[in-house]
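For reference, the structure is listed below as structure tokens.
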Amino acid sequence: MLKLLVSGLMLAGICCVAAHAADPAAARSKPSAKAKSARQLPAVAAVQPAESHVPLSADHLAVAQRVVLGKVPCELGAHVSVSAHETAQGRFVLEHGRQKFHMVPVLTSTGAIRLEDAASGAVWLQLANKSMLMDQKQGRRLADACMNAEQVTVADAMARSPAPHLLEPLPSAPATATEPAKVPPDAVKTATN
């Protein structure tokens, strides 16, 4: 086994030497500044267009139909604009300040609407009573308490009649008097015999 490993490494070394010997000018030249900067670009730019051509499943498209579009006001005077992507069905462009995110619907077990931009780590959560924009990579909220007209109505209804506290006992049902079961007289005779 060791002989195979050593011979494989030697073969790889011979191939590298042969490649450099074939073009000695290329081996001696230094890469240009453009070549260096092209290699240092993040892989995000290459990933984004490829993701936009991947078709979404029927479940993802169903989630996309429930996304509320438009300019949504948030707390502290901020706002988030959600619009449908011009060319990619089921995808969205979300703008917050100077930031622009290309969002894709993600399936959830809770029924909340979740959009993600995998490249930047941005997540848009749309609940019944509010929406929020989060940065998963930094673990912080970018915009909170974003509410459109429907969400304001739901939030007001929740404030007027809050759910019972988890540790409070549930209200008991009123007790009703029940009549004792009537036993036929024949059953009593046979049981005593």
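The values are calculated or read from the model by the stated rules, or taken from the named source; none is laboratory data. Being a predicted model, the structure only gives us computed values, none of them experimental. For neighbour counting, all protein chains shown are included, and Cβ atoms are generated from backbone atoms with ideal geometry for every residue, glycine included.
Elements of the type strands (runs of 3 or more DSSP E) sitting completely within region 1-108 and holding at least 1 residues that are of a type in the set (S, T, N, Q) and modelled with pLDDT of 50 or more: these cover 79-84, 99-106. Residue check: residue 94 meets all listed conditions (1) within 13 Å of the chain's Cα centre (by Cα); (2) free of Cβ contacts under 8 Å to residues at least 60 places away in the same chain but one, namely (1).
Taking first residues from region 65-79 that are surrounded by 11 or more Cβ atoms within 10 Å (Cβ to Cβ) and partners that are among the charged types (D, E, K, R), the Cβ contacts under 6 Å between residues at least 6 apart in sequence or on separate chains come to 75/144; 79/71. Can you say whether residue 178 is closer than 24 Å to residue 57 by Cα, outside any strand (DSSP E or B), modelled with pLDDT under 90 and polar (S, T, N, Q), as far as the supplied structure shows? Criteria not met by residue 178.
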